[in-house]
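We did not get these values from a lab; they are worked out from the coordinates using the rules stated. Because the structure is predicted, anything quoted here is derived from the model rather than measured. Cβ: placed from backbone, ideal geometry, glycine included. Neighbour counts: every protein chain shown.
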């Protein structure tokens with residue numbers, strides 16, 4: 001069974017608004033695709049050592065699961081052509097990179113790929129969604 005799949009960025013959103021958007025779309029699991037979730041500039045969205053704090057705690061209090069998959073992070077953000085590089089990276093290594101996501105998705109009726117950028121057009125999660133649509137036939141809704 002194909003899970004309901006979404007993408008979302010937290011940039012510019014207050015935690016209550018962010019959680020409200022996830023709840024409105026019945027997202028049961030957030031899959032964090034940031035390379036360094038521990039370095040988030042907004043504490044509510046940082047991956048904390050204490051699971052009751054940061055992004056894990058915020059989502060747990062709303063009854064939403066959380067998993068961090070840094071292997072899906074954007075290694076090429078510092079390059080002006082990062083979008084081309086990231087798409088090529090997925091074309092070459094995507095099947096290996098998505099192993100853990102496929103395990104998460106197998107057990108979750110719905111999930112959302114999470115990154116910092118508010119607009120999907122500015123974020124590598126768009127490439128992740130496109131790859132999964134092409135290779136797995138999954139449809140994504142981009143929560144903006």
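Data for the structure
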| item | result |
| --- | --- |
| Neighbour-count order for 67, 33, fewest beta carbons within 10 angstrom listed first | 67, 33 |
| Residue 53/residue 102 FRET efficiency (R0 35 Å; Cβ-Cβ; nearest 0.05) | 0.75 |
| Ranked list, fewest to most other Cβ atoms within 10 Å of each Cβ, for 50, 32 | 50, 32 |
| 17 Å reach of a label modelled at residue 39, 7 Å along Cα-to-Cβ, counting backbone N of segment 72-116 | 72-80, 82, 115-116 |
| Label zone at residue 118 (point 7 Å along Cα-to-Cβ), backbone N below 20 Å, segment 24-42 | 24-25, 33-34, 40-42 |
| Mean ellipticity per residue at 222 nm, deg cm²/dmol - from DSSP H runs of n ≥ 4 across the chain, formula -39500 (n - 2.57) | -11500 deg cm²/dmol |
| Relative counts (whole %) of C-alpha pair distances in the chain, using bins that are 10 Å wide | 12, 46, 35, 7 |
| Estimated inter-spin distance, residue 82 and residue 60, nm [label 7 Å along Cα→Cβ] | 3.0 nm |
